[in-house]
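Structure, as structure tokens:
The values are calculated or read from the model by the stated rules, or taken from the named source; none is laboratory data. What you see is a predicted model, and the numbers here were worked out from it, not measured in a lab. Using ideal geometry, Cβ is built from the backbone for each residue, glycine included, and neighbour counts are taken over all protein chains shown. What goes into the accessible areas is simple: the full protein's heavy atoms, side chains included, and nothing from ligands, DNA or RNA. Shrake-Rupley method; radii C 1.70, N 1.55, O 1.52, S 1.80 Å.
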Amino acid sequence: MSDLGLNEHHQSCMAGYLRFTKYQRAQRLRSVDACFQDVKDTRLLEETYTSDEVVELLDSLAEVVRAEVEGELIHATHTNSVLLSNVFAQAQKWHLELSVDTSNLENQELLEDVRKFEEAEAQGRLGIDKKPSARTLAPLGDQEGPMALLHAEIKRLTEENGEVKRRLEQAESKVTDIAQAKAELAVTLQTTADELGRVKNTVSSRPTVEEVSELSDEVEKMRLELSSKTEEKEATQEQLQGDLALSKQKLAQVKSQLQLAEKELEKKFSQTGAYQNMKKMLGNKNDQIKVLRKKLEIYEPSKDDIIEE
């Protein structure tokens with residue numbers, strides 16, 4: 001019995017997939033046999049045939065067999081693609097990016113291991129329950145250990161990143177409001193100065209000491225008040241700008257920690273048995289496709305082979 005390095009659940013999934021492919025092969029072989037039987041029943045009605053008739057009969061049969069084999073190859077490609085898409089969908093839930101190494105698909109040792117595994121499963125020597133598992137295509141990953149800690153750290157950094165972004169947006173909004181208020185105060189000060197000039201021009205013809213003194217005191221009071229408010233706004237703006245710079249720096253640190261955590265998670269997963277086993281499974285399926293191609297060459301020889309004969 002071949003050891004594929006899988007746990008009991010994954011071995012059960014592997015055995016189920018092999019049973020599925022075995023059934024599909026049997027169905028296609030029956031279709032090919034039916035093609036030949038149909039020729040026997042409908043075309044071989046005479047005792048003698050000319051060479052042209054034999055060639056025409058064989059060409060017709062080859063066309064039908066070719067269509068059957070091509071349909072099986074297309075179906076196998078599509079089923080493998082569905083299987084890969086399911087595995088990739090699981091990996092995305094854990095923020096993982098899987099890769100496919102097609103160089104192992106021609107590894108004869110791995111193919112031999114799968115062949116032995118299939119034979120042992122067919123003979124019932126694996127002791128695998130043939131009932132479908134309730135956890136079909138369960139999410140990959142450990143619930144405990146380093147991977148769980150990395151997932152928790154990524155979640156914490158993501159939440160902290162969101163909080164820093166929210167505070168940054170609030171600080172930017174306050175800075176905008178202060179800048180707008182400062183501009184309004186500058187406009188008010190200019191308007192007051194213009195009004196003072198207009199008043200001075202108006203009363204210049206009949207100035208009195210009391211009026212000038214009272215007006216000057218009022219203008220000076222207003223100027224001092226506006227100057228005080230402007231200084232307060234500038235101080236508040238400088239403080240908010242400092243807070244904004246600190247928030248941006250903290251956001252950059254959080255993003256860097258998040259990227260490091262994600263890289264560490266990918267590194268941990270690439271070292272697990274599940275990742276290596278998935279690469280083996282992909283290698284096995286490509287080898288099966290190559291075997292089918294060789295079978296196709298038996299039923300449909302190339303033009304060069306026909307010329308040599």
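Under a plain spin-label model, where a point goes 7 Å from the Cα along Cα-to-Cβ, how far apart in nm are Asn86 and Ala274?
In this crude spin-label approximation the distance works out to 1.5 nm.
Kindly report, to the nearest 10 Å², the accessible surface of Cys13 as traced by a 1.4 Å probe over protein heavy atoms only.
The value for Cys13 is about 60 Å².
Does the range 1-113 classify as rounded, prolate or oblate by the C-alpha gyration tensor (a ≥ b ≥ c root eigenvalues; a/c under 1.5 gives rounded; else a/b over b/c gives prolate, otherwise oblate)?
Prolate shape, in that a/c is at least 1.5 and a/b is the bigger ratio.
Rolling a 1.4 angstrom probe over the protein chains, ignoring ligands and nucleic acids, what is the accessible area of Phe20 in square angstrom, nearest 10?
That residue has around 80 Å² of solvent-accessible surface.
For a 23 Å ceiling on Cα separation, which of these pairs sit above it: Lys174/Lys221; Lys155/Lys279; Lys116/Lys285; Lys93/Lys116; Lys116/Lys280?
Lys174/Lys221; Lys155/Lys279; Lys93/Lys116
Starting from the Kirkwood Rh over alpha-carbon pairs, what translational D in µm² s⁻¹ does the range 37-101 have by Stokes-Einstein at 4 °C and 1.567 mPa s?
82 µm²/s
Val291 versus Phe36, label points 7 Å from Cα toward the beta carbon: distance in nm?
1.9 nm
If I model a spin label at Ala193 and Tyr23 as a point 7 Å from the Cα along the Cα→Cβ vector, what separation in nanometres do I get?
9.0 nm
List the aspartates and glutamates whose Cα sits under 20 Å from the Cα of Lys248, skipping any in the same chain fewer than 8 residues away.
Counting by Cα, and skipping residues close in sequence, Lys248 has these aspartates and glutamates nearby: Glu159, Glu160, Glu163, Glu169, Glu172, Asp177, Glu238.
For Gln257 and Thr236, what is the calculated FRET efficiency with R₀ set at 25 Å and r taken between the beta-carbons, to the nearest 0.05?
0.20
Using a Förster distance of 22 angstrom, determine the FRET efficiency expected from the C-beta separation of Ala183 and Ala245, and round it to 0.05.
After rounding to 0.05, the efficiency reads 0.50.
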